[in-house]
Amino acid sequence: MSEFVPFRFKVNLYNSESNQLLCSGQFSEVTGFELTMEPKTLQEGGRNWGELQRSGITKFAPMVLKRGVTSVNDLWSWFDASTRGSNYGYRLHGEIIVLGNPIKGQQENPVMTWRLEGVMATKFKGPDLNSTANQVAIEEIHLVHEGLELERPAAAGSSGG
């Protein structure tokens with residue numbers, strides 16, 4: 001019988017200079033794993049059968065984290081600080097850890113990690129306040145970023161090298 005795990009995605013955000021953990025939370029839904037490359041077409045003199053296709057700029061979709069919890073209000077504090085004053089546009093780097101079913105004796109079972117560079121929050125939505133509902137601390141947060149990289153954990157028994 002498998003154990004129900006409501007928050008399958010752990011998000012950690014770090015200071016880009018000191019690598020200190022600044023924000024952390026767990027979310028039940030994450031969307032936005034999307035990259036788009038717009039090819040550039042070139043016409044070559046004497047080549048009458050089609051155009052040359054070259055890679056163009058890569059664009060990243062915003063990451064949307066939904067229904068999350070944190071132990072402190074660190075995600076709100078970062079969003080608030082980065083939208084005003086001397087920290088305007090303050091960027092972090094981070095990771096979204098995809099958690100598998102728990103393994104006996106381990107608190108977490110990471111399956112893969114998505115690494116993000118140049119992360120900035122663009123939207124923060126708190127839960128609707130309803131005294132009869134069981135709401136979570138963060139309903140939705142939108143993150144834009146400047147790079148996405150997938151890292152998979154090494155398979156058990158494999159050696160590096």
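The values are calculated or read from the model by the stated rules, or taken from the named source; none is laboratory data. Because the structure is predicted, anything quoted here is derived from the model rather than measured. So basically every Cβ, Gly included, is an ideal-geometry build from the backbone, and we count neighbours across all protein chains shown.
Assorted remarks:
- The set of residues in region 7-26 being in contact with a Phe, Trp or Tyr (Cβ under 8 Å, 6 or more places away or on another chain), free of Cβ contacts under 8 Å to residues at least 60 places away in the same chain and buried (at least 16 other Cβ atoms within 10 Å of the Cβ) consists of Gln26 alone.
- Residue in region 34-54 that is within 20 Å of Val144 (Cα to Cα) and either within 15 Å of the chain's Cα centre (by Cα) or free of Cβ contacts under 8 Å to residues at least 12 places away in the same chain (or both) present: yes
- Qualifying positions in region 92-118 - outside any strand (DSSP E or B) and either without any contact (Cβ under 8 Å) to a residue 60 or more places away in the chain or within 17 Å of the chain's Cα centre (by Cα) (or both): Gly100, Ile103, Lys104, Gly105, Gln106, Gln107, Asn109
- Of residues in region 46-74 being closer than 30 Å to Asp128 by Cα and small (Gly, Ala, Ser), the one surrounded by the fewest Cβ atoms within 10 Å (Cβ to Cβ): Ser71
- Scanning region 121-161 for residues that are part of a strand (DSSP E or B) and either among the polar types (S, T, N, Q) or modelled with pLDDT under 70 (or both) yields a single hit, Thr122.
- Residues that are in a loop (DSSP other than H, G, I, E, B), of a type in the set (Asp, Glu) and either in contact with a Cys (Cβ under 7 Å, 6 or more places away or on another chain) or over 29 Å from Gly89 (Cα atoms) (or both) within region 32-77 comprise Glu44, Glu51, listed in sequence order.
- Here Gln43 passes the criteria (1) modelled with pLDDT of 85 or more; (2) surrounded by 12 or more Cβ atoms within 10 Å (Cβ to Cβ); (3) out of contact with any Gly (no Cβ under 9 Å at 6 or more places or on another chain) except the one numbered (2).
- Within region 58-79, residues that are of a type in the set (Asp, Glu) reach no partner that is modelled with pLDDT under 85 and in a helix (DSSP H, G or I) with beta carbons closer than 8 Å at six or more positions or on different chains.
- Residues of region 78-91 that turn out to be farther than 18 Å from Glu117 by Cβ and assigned to a helix (DSSP H, G or I), as a count: 6
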